[in-house]
Protein chains: 2
Amino acid sequence: MFLTSRLSHVFFTFVIGCAGASVPALAAEKPASSLNVVPVVSEVRPSSDRAGVAPTPIALTPAWRVALIGPGSRDARVAAAYTRLLNAWERRTGFAFPREVDGAFSFGENEANQTLVVRCQAAATGESWPRLNDDESYSLKIENERVVVDCPTWRGALHAAVTLQQLLSPSTDGLWTLPQVEIHDRPRFRWRGLLIDTARHFMPVETIKREIDGMALVKLNVLHFHLSDDQGFRVESKVWPLLQAKASEGKFYTQDQLREIVRYAGDRGIRVVPEFDVPGHTSAILTAYPELGSQPGPYHLIDKWGIFSPALDPTNEQVYVFLEKLFREISLLFPDDYFHIGGDELDGKHWSANANIQKFIADRGLKNNEGLHAYFNQRIQKIVTAMGKNMMGWDEILHPDLPPETIVHAWRGPKRLVEAVKAGHGAVISAGYYIDLIQPAREHYGHDPLIDDSALSEKERALVLGGEACMWAEWITPETIDSRLWPRTAAVAERLWSPADVKSVPDLYRRLDILDLRLAEIGLQGERNRYALLRQFAGENATKSQLENLDTLADLTEPVKRYQRGTFQPQFTRHSALVGWVDISRPESLTSWHFANGVETLLNETKGGSVSSQDISALKDLLQKSKLAAEKTLRDIPSLAPRVAELSPTFTDIRDLCDVGLVALEAIEHRQKIAAPSSDAVSRAAKPRLAVEIPLATSIAKLVEAAQAN
Amino acid sequence: MFLTSRLSHVFFTFVIGCAGASVPALAAEKPASSLNVVPVVSEVRPSSDRAGVAPTPIALTPAWRVALIGPGSRDARVAAAYTRLLNAWERRTGFAFPREVDGAFSFGENEANQTLVVRCQAAATGESWPRLNDDESYSLKIENERVVVDCPTWRGALHAAVTLQQLLSPSTDGLWTLPQVEIHDRPRFRWRGLLIDTARHFMPVETIKREIDGMALVKLNVLHFHLSDDQGFRVESKVWPLLQAKASEGKFYTQDQLREIVRYAGDRGIRVVPEFDVPGHTSAILTAYPELGSQPGPYHLIDKWGIFSPALDPTNEQVYVFLEKLFREISLLFPDDYFHIGGDELDGKHWSANANIQKFIADRGLKNNEGLHAYFNQRIQKIVTAMGKNMMGWDEILHPDLPPETIVHAWRGPKRLVEAVKAGHGAVISAGYYIDLIQPAREHYGHDPLIDDSALSEKERALVLGGEACMWAEWITPETIDSRLWPRTAAVAERLWSPADVKSVPDLYRRLDILDLRLAEIGLQGERNRYALLRQFAGENATKSQLENLDTLADLTEPVKRYQRGTFQPQFTRHSALVGWVDISRPESLTSWHFANGVETLLNETKGGSVSSQDISALKDLLQKSKLAAEKTLRDIPSLAPRVAELSPTFTDIRDLCDVGLVALEAIEHRQKIAAPSSDAVSRAAKPRLAVEIPLATSIAKLVEAAQAN
């Protein structure tokens, strides 16, 4: 049963059960984990007006109307959030909710006869920007055919809307229902971010807006906008116009577009923290203004990936004049209190090779390049502070001379976070949350920002503001970013929002699977773009069943992890089309994960002496189906697009791997011992090709091992 | 064999054969119909330097470089067109063509050692706007591992690029190849348009740009931009700002956006003709400025579809002041020579009910409302002429008093076209080309603008400028417009470009099927959005095989035709979500069309006395597969989203229809006579439900009839 491609199906009865009779029991154990919502809410219990009677889910009808009550609800952002909710529900259900003459949804202004009541206490704050310390909590009571939201501020009202959007699920009797529960929800951490790198691959405004929508759905609240790097400078500057003229190849955000993005995010309760990486990662700035460099130049935009040596010259006063004017101009576009100055991966080579710079270090007693970096950061900190902003930088900026009000962004490991807070800095962690490494959601999920909390005092723990998922853009385009980001990033969002003891990986995957549809409902394009890429990959002669076979095979491959892709595609640059099998493969093969779970269960059963034939046959089914898809595709290659032929070794590996697995399963089922398989399929399949790997290989190896040990 | 879901597969060998040894024979009969290109080119023959040796296709390699030669090639639009070509080929093949340091493709400036040479004779015209009488011809010679394009102007260079984009196909030996042919191509008609209605449903800039890309791929050259109607006014006016403030609900193009769209189209050789429909279809204008109406108002934006009575008052001089200022402002945004003033569907009720207007008619001897309409058009014509534009309007404006230089847009039938050109007007035809009627491509394809040409003199025929496909937007959104427009609109494009004797419907469908992938390659979203809608429709518990079953069923249904949808969904307004089964169903079920062809073949065989068991079994296979999908889906309904249950009767119809069909096929195969079927499946399935029909019903009825007559 675990082999259905959509895990949600498996848990269907369970979910419905939760909202119905079995809620109390479940609630006692793991309160929130059974609701269809990511991130898991802080507290949940069945709402019932009569003690002892378990409430049944309530049904949504097309007559539902939202009432916005209380001073906070007059905020246009609240009405917009509930408009988005009703739009999403209309798309899902086909219902048409009541509307005004102008087409806007009809919102009530008092509680009488309204089905969904939003009470927001704080007075409308108008255009005020979301702040780090805003109260984001809300409560939500679903009871007696109506829903009541209570929240101190507009931020909570928005969170309640996306919780509701996710909660609506079909019942087995053909209704759309909400569980009768009472929820009290608030974030564990205040800073829940997503970094999007727009330097390596530029992301158009529409793409950024889509990701903001995705963030809001999982209650992330900071867009960390990485806008400048060795590969490009992405912001229109009026004071330094050569930046966009010479260092963007025409791909940059105009100031109007940045204002639009900032407003779009802010309206959804998402702060935008811009990053301008200095003094390293500055090849783009130096392409435009080489006179600011530590070497004479000329400089050029970098086409590939890695750590490069160009760096601003901290001994040149013009550098500070330049940055002060630039940051001042840019800070007007970003209302947030925080300003990220990067500061990472400075290799120091250009500084070491510059005699004037080394003399400056000696003259000032700065000891070494690190000392000079600290000096630079102190200068920058004054500029940023004078703009009324708090400075933030990657953990390389940590230095005894760093002013304590600077926020440290830990990316090289949790140890850096501990060091930062012990030195009195506020800190945000991204170690463990690098989405571009293509790791499974469960790995990100396993990293807790406070995993070392035993070593931290209460005061130090309070300095841990939260974390940020990072989407570096070396290997993504506007077409593939969605399938690389989602739904995995939601695992990080949950880690940062939900109570620390929410840890069930199977339940996470169950909910991510549903979330993926909720994301598509609001416009995220992961699956639809994958489908289009696959269709194109297959070529103009592919039949529908050939496409289905390829899809079955794509379900079994994953891109290589960490930074391995570059070793497979060393010739790729920023300009290369990312349309290969690796871009079609999902970051995480859920099919393989379900199979691996099935194997674990089976091997445990084997140890216990009783093997379920149902479990075995589910495993066999998957292998047989996969083998068939591989065989058919290998046979069909001459009529498919030439690129498919390059995958022949991979499909052959899959076919042979399935064969070996089927033999091993047969042996385990009949308690026969097998010799070492004559096929080298397992070792072949364990080696990635064309930048993809076959995670099934690990499970098959386990089966073979068990069969040999029978 | 005709039952594979992608017809192209069937013809694969044929196509390759064409480019190889069999070209001469084919070329003699139907020169171009076997190349993978829409529209069919005017002339094609095999290119061979040695007589008697049939050329084999040439292979594309990643080393290919484009050389742009001659004064015309210095036009930036030509380089942009070949950049698009190389981008498309990179996406399809996975190749990386040579690039410059800045990432731009490396273009050569002389012919030596270049693989793709574009010689463009006319001097670069810079920013000059495409004109109706531009020479759009080009020739293309593919020979000896190289491609040479010759063209008098940049227009031809762009057309050659999209021909090449389409021509590249995979060979059976794993290469990407171009046939060795010599092509001479030019359009049959100068005016090849697509109307997009942005009033009923607003289409964002990105959507319009996508459709422009699609138009360029099939050599359409006029975007008729319908910008004002009863449901909204979609242009920012600075002289009459209430138009966008009161009559757009915030959905309008800013003047900057219009300039951007116009430049985008013009760069692709596509003219943009704006339409502002007057004096009827003006509820939006009158919502903003009720004082211009023929009745006191108030007016409001219309939410539904139909013909409405609000009309400007032609006796009010302020109307002309208003329109002159508005048109003058707007004409500055549209560099085209033509300006469309609508003029259709004036019901005259508000004029008849206004005593002053009737007195005006009597005083001026205008006879009736039609006379007043002609008076109005004469006034408007003076305004439009004074702006330096030619006026154009729907065929209702045809009247003895209409100035002859006005272009008549025939939509109520070819007869109107004949009347117009006989009265000396230039004319464009849209009758037969209404894409929103959801008719099969072959029906549009069958309408020739000169079908009545026997009745026309040479001079009158020359007045037929061309035609326009019309996409009225009552039942489309930015999400569904692509799947409704494409690839069907390409059939109209071919009718307007290719020689009149290009008429093979099977060959059209074969090429449309390939074209659909070429459209996806450049960003059109028909299939990917359909997939996303289907996934959402199925709901969060659908497994992959359940989705595949639903997809099989969606392949068998079509939206109802003409304006029937409104009778099924009378409650729908502009604001309704268009996410139903009808929106998922393709406008044309190719599966049903292939089945119908198979039935025709079979019944012809039956008459001849020899039935091919292969043909019968292909028909049976489809019915069995469809029946199975219907049975499984009906069984799975409790676990699917509630909306799926509404389709139960349709799926039951399909299941029963397949049963009846299988019995009939069995009888035909074994030459047994059957009684009238006891099932009423055929008559049930012939009746549309939920705005969809099952075209298979017609074919099954024929089978039953034949089996009864055995």
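Below are the figures for this structure:
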read-out	value
Where a residue in the stretch B:205-223 is free of Cβ contacts under 8 Å to residues at least 60 places away in the same chain and its partner, wherever it lies, is polar (S, T, N, Q) and open to solvent by 20 Å² or more (accessible area, probe 1.4 Å), with Cβ under 7 Å and at least six apart	B:205/B:257
Tally of residues being out of contact with any helix residue (DSSP H, G or I) (no Cβ under 7 Å at 6 or more places or on another chain) and open to solvent by 10 Å² or more (accessible area, probe 1.4 Å) across the stretch A:263-281	1
Exclusive hit being surrounded by fewer than 20 Cβ atoms within 10 Å (Cβ to Cβ) and within 14 Å of chain B (Cβ to nearest Cβ), set A:680, A:636	A:636
Of residues in the stretch A:114-149 being of a type in the set (S, T, N, Q) and touching a residue at least 24 places away in the same chain (Cβ under 8 Å), the one nearest to residue A:62 (Cα to Cα)	A:115
Residue among A:127, A:29, A:90, A:111 that is among the charged types (D, E, K, R) and at pLDDT 95 or above	A:90
Matching residues in the stretch B:435-471 - criterion: being part of a helix (DSSP H, G or I) and not aliphatic (A, V, I, L, M)	B:436, B:442, B:443, B:444, B:445, B:453, B:454, B:458, B:459, B:460, B:461
Enumeration of residues in the stretch A:638-663 that are outside any helix (DSSP H, G or I) and in contact with a Pro (Cβ under 6 Å, 6 or more places away or on another chain)	A:641
Odd one out for residue A:595, checked against (1) more than 14 Å from chain B (Cβ to nearest Cβ); (2) surrounded by fewer than 21 Cβ atoms within 10 Å (Cβ to Cβ)	(2)
Whichever residue in the stretch B:532-567 is farther than 19 Å from residue B:593 by Cα and hydroxyl-bearing (Ser, Thr, Tyr) and, among such residues, is farthest from the other protein chains (Cβ to nearest Cβ)	B:563
Qualifying residue in the stretch B:500-513 (condition: of a type outside the set (A, V, I, L, M) and closer than 30 Å to residue B:426 by Cβ)	yes
Residue in the stretch A:66-89 that is within 14 Å of chain B (Cβ to nearest Cβ), over 30 Å from the mean Cα position of the chain (by Cα) and open to solvent by 10 Å² or more (accessible area, probe 1.4 Å) present	no
So residue B:674, is it farther than 29 Å from residue B:541 by Cβ, modelled with pLDDT under 95 and buried (at least 17 other Cβ atoms within 10 Å of the Cβ)	yes
Where residue A:588 falls short, out of the listed (1) touching a strand residue (DSSP E or B) at 6+ places or on another chain (Cβ under 7 Å); (2) closer than 25 Å to residue B:88 by Cα; (3) more than 14 Å from chain B (Cβ to nearest Cβ)	(2)
Test: residue in the stretch B:505-525 that is of a type in the set (A, V, I, L, M), outside any helix (DSSP H, G or I), within 14 Å of chain A (Cβ to nearest Cβ) and under 30 Å from residue B:600 (Cβ atoms)	no
Helices (runs of 4 or more DSSP H) lying entirely in the stretch A:173-267 (those with 1 or more residues that are within 14 Å of chain B (Cβ to nearest Cβ), closer than 29 Å to residue A:39 by Cβ and within 16 Å of the chain's Cα centre (by Cα))	A:205-217
Test: residue in the stretch B:171-186 that is out of contact with any helix residue (DSSP H, G or I) (no Cβ under 9 Å at 6 or more places or on another chain), open to solvent by 30 Å² or more (accessible area, probe 1.4 Å), within 30 Å of residue B:427 (Cβ to Cβ) and touching a residue at least 40 places away in the same chain (Cβ under 8 Å)	yes
Within the stretch A:523-557, tally of residues that are closer than 30 Å to residue A:209 by Cα, open to solvent by less than 20 Å² (accessible area, probe 1.4 Å) and small (Gly, Ala, Ser)	3
Given (1) out of contact with any His (no Cβ under 8 Å at 6 or more places or on another chain); (2) touching a residue at least 12 places away in the same chain (Cβ under 8 Å); (3) in a helix (DSSP H, G or I), index of the condition residue A:495 fails	(1)
Every residue from the stretch A:291-310 that is outside any loop (DSSP other than H, G, I, E, B) and touching a Phe, Trp or Tyr at 6+ places or on another chain (Cβ under 7 Å)	A:292, A:293
Test: residue in the stretch B:640-648 that is touching a residue at least 12 places away in the same chain (Cβ under 8 Å) and away from chain A (no Cβ under 14 Å)	no
Among residues of the stretch B:664-676, those that are part of a helix (DSSP H, G or I) and either touching a Leu at 6+ places or on another chain (Cβ under 8 Å) or of a type in the set (A, V, I, L, M, F, W, C) (or both), counted	4
Pair list, Cβ under 7 Å, 6 or more apart: the stretch A:683-703 residue of a type in the set (D, E, K, R), other residue open to solvent by 40 Å² or more (accessible area, probe 1.4 Å)	A:689/A:649
Residue in the stretch B:399-409 that is open to solvent by 20 Å² or more (accessible area, probe 1.4 Å) and under 14 Å from residue B:468 (Cα atoms) present	no
Single match in B:647, B:657, B:628, B:623 (criterion: at pLDDT 95 or above, open to solvent by 60 Å² or more (accessible area, probe 1.4 Å) and either under 30 Å from residue A:169 (Cβ atoms) or touching a Leu at 6+ places or on another chain (Cβ under 9 Å) (or both))	B:628
Residues located in the stretch B:285-307, provided they are touching a Ser or Thr at 6+ places or on another chain (Cβ under 6 Å) and surrounded by 20 or more Cβ atoms within 10 Å (Cβ to Cβ)	B:299, B:301, B:302
Condition check for residue B:506: surrounded by fewer than 23 Cβ atoms within 10 Å (Cβ to Cβ), farther than 30 Å from residue B:303 by Cα and of a type outside the set (Val, Ile, Thr)	yes
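The values are calculated or read from the model by the stated rules, or taken from the named source; none is laboratory data. Note that the coordinates shown come from a computational prediction; the quantities given were computed from them, not determined experimentally. FYI the Cβ positions are ideal-geometry reconstructions off the backbone, even for glycines, and counts take in every protein chain you see. Each accessible area value is taken on the protein alone, full model and side chains, heavy atoms only, with ligands, DNA and RNA left out. Shrake-Rupley method; radii C 1.70, N 1.55, O 1.52, S 1.80 Å.
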